[in-house]
Amino acid sequence: MFSYAIRRFLGAIPTLFIIITLGFFMMRIAPGGPFDSNRRLPPEIEHNIKAAYDLDKPVYQQYFIYLGKLSHLDFGPSFKNKDFTVSQLIADGLPVSAELGLSAIALALLLGLTLGTIAALNQNRITDHSVMTVAMFGITIPNFVTAPILTLIFGVYGVSLFGLDLSLPVGGWNNGAVRNMILPVIVLALPQIAVVSRLIRGSMVEVLRSNYVRTARAKGLPNRLVVFRHALRAAVLPLVSYLGPAIAAILTGSLVVETIFGIPGIGRYFTNGALNRDYTLVLGVVIYYAAFIIVLNLLADLLYAVLDPRVRYDQ
Amino acid sequence: MIATGASIQNAEVMMRAQVVQGRSLWVDARNRLLRNRAAVASMVLLGIIALMALFVPLFWPYAYNAVDYDHISCAPDWWPEESVMCRAGGLHIFGTDDLGRDLFVRILYGARISLAVGLAATLVSLFIGVTYGAISGYIGGRLDEFMMRFVDILYSLPFIFFVIILMVVFQQNFFLLFVAIGAVEWLTMARIVRGQTLSLKQKEFIEAARAAGVGTFGIIRKHIVPNVVGPVIVYVTLTIPTVILSESFLSFLGLGIREPLTSWGVLIKDGADQMESASWTLVFPAAIMAITLFCFNFIGDGLRDALDPKDR
Amino acid sequence: MAPILEIRNLDVRFSTPDGEVHAVKNLDLAVGEGECLGVVGESGSGKSQLFLGAMGLLASNGRATGSVKYRGDEILNISQNRLNKIRGSTITMIFQDPLTSLTPHMTVGAQIMEALRAHQNVSSGEAEKRTLEILDLVRISEARQRMDQYPHELSGGTRQRVMIAMATVCGPDLLIADEPTTAVDVTVQAQILDIMRDLQKELKTAIVMISHDMGVIAGMADRVQVMREGEIVEAGPVDEIFYRPKHTYTKTLLDAMPRLDRPMREGHVGLSPLSTISADQQLLNVEDLKVYFPIRSGGFLFRKTKPLRAVDGVSFRLRQGETLGIVGESGCGKSTLARAILKLAPKSDGKVVWCGRDVTFSNDAEVRALRKEFQIVFQDPLASLDPRMTIGESIAEPLRSLKPELSADAATQEVRAMMQHVGLEPASINRYPHEFSGGQNQRVGIARAMIVKPKLVICDEAVSALDVSIQSQIVDLILKLQAEFNMSLIFISHDLSIVRQVSHRVMVLYLGRIVELADRHAIYEDPRHPYTRALISAVLTPDPKAERSKSHDRLVSELASPLDTRAQLAFLKSHMIDDADAEQYRPQLQEVAPGHFVAEFDPE
């Protein structure tokens, strides 16, 4: 398995290279540049700025310059956020987005696994139908609707239950205080909870019908053991493949949540960068994203092999 | 057995008359689908929404872009909140927006665009995805490896990156917006079709067709495609809501439809902005969109159960 | 003596989207202390659902009503907790397919110990000791190591023994075995049945043996219940049922069962004698055919490929009108051989001569022309028909592609005629495969193969998936058609009894090589190779007395991996080089009598 991991890593290098190349040229194909604005700059100033960022050179030269810098992990300066390098922006924003994202995934796993299993165990009964209907809400309602609604309920109106004040801050990061994280994490987690519980229900229903679960029941094992020891491990397999890309996406930040809750994450920088042709910033985030996907997919495959001993990678 | 020519002919005629019409798997699936109450109700509801979007604006007393400065952000008459600024009156059954335009007819116009986006983008993804997946899966070998590697690479680029680049390239062209989204959504379709093709290729009936002398193209056309259609239809019904959601996300970024045209995404975005003072401008578009997406999902689930009955 | 298990008025119903299915109808049954009750029936008879229902193991859409008493206490539809005190402890079950019936992500040791510790308060050390003992009892070698292995790492026979171990570790009163040998090869089947017989004797465990195979029942059961469509049609002591059956269904079952000791099939279509005129007319001549599949294996950065020798140098000839039977256990390469001859699988080496023409390097067009002359009937009748095509379209498919000059009307006429020929109602030409039974679908498959009037038809396990009563009808049909069209057949099967009934000559394959090839009587009456002998000795006959007195000449080693080059030399160890990757000597065929070829083997 170790040699498999090494082989996968080596195989990822050309993939990453292609992604960088693709990303670089796709950005340049888009018309407009980072310093086009409504205000016309005097030509010489514009020229100077472009020269400072090597934008006056032909695209292919820019590409090689970029690759050269990248080879010693220099992502270059941000075009739009002056005085910042891309590495600084990512170092500032990524941990924030990652903290939110990982909390949301953890919450989604906890709730999604529980709800999905409960639904599968009560297949086609009322519990199942209600869990699945609620899950459908999670999938069909966009987060820029849930975010303001939750803001309204917990922030603006303020809710108190049994005399407990349940109002929550609706914006700001406050250096990652737990109270500030609750609403954004919930908003991020809702659709993931829905997807996870639907996935788990589907695979769990299948596994519960399998011959080996029948054998486990025939052995007289209590239900708890049948579900946790025999069924659950096989039922989470589809989830493992889903989680790789899902975590990568959520780690690199959500524009909507970060905008609405005013959180200094990487998602906002990224989307604004893409809109404003901040080439270096966008490419930097794309490279991080792709690297996350590659690593997480590898981890998912290895985890798969741990969960299912039939999967072997040395053959 | 002794039989005269005439009696043989008679028997032939009799036999022709009695040929039993078999129940194809499609008929079975349709019957199962029609027994699924949630799916049937969803189809009816979706049909009503689509028909209203098509025809109601033709005779509705308000135009979608008619501005009424006397009724800015007015609640419908039946709105339960007491503290609203004004009541819209008349046939403004969903109230008016911040320019005094009738929200009901705007939602119907938004439905036209959102549904059209969903359908068009899904068709694009269907076309690219099925072609790509079937070729990759059936031909296999190195070509398959190469084609799937390419899909993996595209998967490793963030969705927003694609859409924004494509949007910018196509200068917010209304029609190309569909194509752009479809061009991103085909990846999963291609994977599904490829997987199905690969498993079909192992089936004995494909081998039987080869033994019967059917060529590669004939096998793809007569055996692979009809058997892949089922899972593809299911995925199509689940792609449409995904695309509608993506469209609404683009509208949130301000990259969607331009005024005075509108889509559900635009309406929801506008509604969210003034939710505290005029909550109905969020509630109605969001509810209609959620209902529509619910319908698509129920139909998709129903189709999946109907086409693959062991899966319930 | 009071029965251990007493079932009264048991009904099992399933609610399906297409209506209710009444699987078991008002059934009574009792199992006494230490006896073996055989429950025999064809697919759909409800024999498995009966016991799943009694033990509360039905699928979620199933419902059992009536009464099931264990030593006088009602256990049907009682609470899970109370039921779990009996299930797996005093009444245990083993199932048909040991690979899917064992949890894939748990070691077999853990699964056995879990069964023990769920019912008895034992320490983990004690549990381990008991598990080792029980593995020993079911004759698993190197039990210590096996305990830490996962099910997929074991052979089919070992897996089924693990199932038995798991079901006996608590010392049950009653063991319910649901088709325990259906998914394993004949030689393994014989070993499994031996183990179960010994367990019954040593531990005084009562056994319910559920099977479709009269041979299995004959060798095991004290009493027999014959089931059909959810009801018991006949019950009685084993000798009564086998020697003096009363019900016509029991008689049909016994009559339809192919028997190695009765090759002539009284009352059925017989094998037509080979006409002497065509004696020297070679239809097919296969020389040194090899099919290797590259298998990737380990290595740090660069993977090695290793050939899997599915077919490894097979030569034979076939005359017009002749039937060659090919027998062998799973993994012996018999299906691959068929596909290589038909050019459905790529061959690695060797020569195929068809009617004197070398077709080894035919191009696509030539292969298409050849398809008119040789056709294939597949094992699984449903899987070999496109579910979205009417059976008429399926039968017409070879006509359409191989005889495109035929008009649509003429093609339909031919399809109807062929349907009548194979015993299908031409009126059902527009029906779909899922509306047909397995037997009917297999008739469709035969009609499709026969429609172009081929000279050679390969039947690849064509009757193996069918119930015995259907099986004999299909065999009748194949023999009838063969006589009518004077075609040659290659009849591939793992069932030696059927092969003897339908073949002029029989070839025994072991790991891609011929071990014995002879006239159909010679090979059964005078088998020379130890592998052939073991195969024949493992065949069961539906004759209780014969089964009881049979001396068991068992093959010790199980079928080895075709990736291991040593495996082919299992019977010629004197020539073996002890290295799994080395190029080995191949046992050569020697003619021991006219037309009787045997591969070299070490004398014992």
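General observations
- Long-range amide H partners of C:L308 with built H, under 5 Å: C:F293, C:I295
- Accessible carbon and sulfur surface of region C:1-159 relative to its total accessible area, %, 1.4 Å: 46
- Exercise: per-residue mean of other protein chain Cβ atoms within 10 Å, B:263-273: 2
- In region C:60-105, burial by the other protein chains removes 30 Å² or more of 1.4 Å probe accessible surface, compared with the chain on its own, from C:N84, C:R87, C:F95, C:T100, C:S101, C:T103, C:P104, C:H105.
- Averaged over B:277-286, number of beta-carbon atoms from partner chains that fall within 10 Å: 2
- Pairwise inverse Cα distances across region A:90-307, averaged and inverted, put the Kirkwood hydrodynamic radius at 19.0 Å.
- Region B:172-238 and region C:493-554 have Cα centres lying 47 Å from one another.
- All other residues whose Cβ lies under 15 angstrom from that of A:L94 are scored, Lys and Arg at +1 and Asp and Glu at -1, for a net of -2.
- Relative contact order for region B:37-307, counting Cα pairs under 8 Å that sit 6 or more residues apart, in percent: 24
- Relative to its residue count, chain B spans a Cα convex hull of 207 Å³ per residue.
- Heavy-atom accessible surface that C and A bury in contact, both chains counted, 1.4 Å, Å² to 100: 2600
- Accessible area per residue, Å², the protein assembly as shown with all protein chains present, probe 1.4 Å: 42
- For region A:90-307, the fraction of 1.4 Å probe accessible surface lying on carbon and sulfur atoms is 67 percent.
- Put simply, when B:28-38, C:422-432, A:138-148 are sorted by average Cβ atoms within 10 angstrom per residue, most first, you get A:138-148, C:422-432, B:28-38.
- A cysteine counts as unpartnered when no other cysteine's C-beta lies under 4.7 Å of its own; in chain B this applies to B:C295.
- Highest-MSF residue in chain B out of B:R101, B:R112, B:R221 [GNM, Cα springs under 10 Å]: B:R221
- Among A:L102, A:L302, A:Y269 - extreme Cα towards positive end, dipole of region A:90-307, charges at beta-carbon: A:L302
- GNM flexibility winner over chain B from B:W280, B:W186, B:W26 (Cα, springs under 10 Å): B:W26
- Taking other residues whose beta carbon is less than 13 angstrom from the beta carbon of C:M419, and scoring Lys, Arg as +1 and Asp, Glu as -1, yields +1.
- Kyte-Doolittle mean at least 0.0, axial Cα span of 15 Å or more - DSSP H helices of chain A: A:2-29, A:59-71, A:86-121, A:126-140, A:178-208, A:237-251, A:279-307
- Interface residues of region B:105-153, defined as those losing at least 40 Å² of solvent-accessible heavy-atom surface relative to the isolated chain (probe radius 1.4 Å), are listed as B:R149, B:I153.
- Under 5 Å between amide hydrogens, built in the peptide plane, is the criterion, and for C:S348 it picks out C:K290, C:V291, C:Y292 among residues at least 5 positions away or on other chains.
- Carbon/sulfur fraction of accessible area - region B:37-307, other protein chains in place, 1.4 Å, %: 68
- Buried between C and B is an accessible area of approximately 3100 Å², summed over both sides with a 1.4 Å probe.
- Chains A and B together bury roughly 3500 Å² of accessible surface, counting both sides and using a 1.4 Å probe on protein heavy atoms.
- Relative contact order [Cα under 8 Å, 6+ residues apart], chain A, whole percent: 27
- Acute angle (nearest 10 degrees) that the helix B:37-59 long axis makes with the longest principal axis of chain B, alpha-carbon atoms: 50
- Relative to the dominant Cα principal axis of chain C, helix C:108-119 is inclined by about 30°.
- Mean ellipticity per residue at 222 nm, deg cm²/dmol - from DSSP H runs of n ≥ 4 across chain A, formula -39500 (n - 2.57): -22500 deg cm²/dmol
- Considering only Cα atoms, the convex hull volume of the protein assembly as shown works out to 234 Å³ per residue.
- Pairs of Cα atoms nearer than 8 Å and 6+ residues apart set the relative contact order; for chain C it is 14 percent.
- Angle of helix C:391-402 to the longest C-alpha principal axis of chain C, folded into 0 to 90 degrees and rounded to 10: 30°.
- Annotation: amide H of C:L284 within the under-5 Å range of C:L318, C:C355, sequence separation 5 or more or interchain, hydrogens built in the peptide plane.
- Protection proxy ranking of C:130-136, C:172-178 - average other beta-carbon atoms within 10 Å, highest first: C:172-178, C:130-136
- Only helices enter the 222 nm calculation for chain C: every DSSP H run of n ≥ 4 contributes -39,500 (n - 2.57), and dividing by all residues gives -10000 deg cm²/dmol, rounded to 500.
The values are calculated or read from the model by the stated rules, or taken from the named source; none is laboratory data. Fair warning: this is a prediction, and the values are worked out from it, not measured in the lab. A quick note on method: Cβ atoms are made from the backbone with ideal geometry, for glycine too, and the neighbour counts reach across all protein chains shown. The area values use the complete protein model at the heavy-atom level, side chains included, leaving out ligands, DNA and RNA. Shrake-Rupley method; radii C 1.70, N 1.55, O 1.52, S 1.80 Å.
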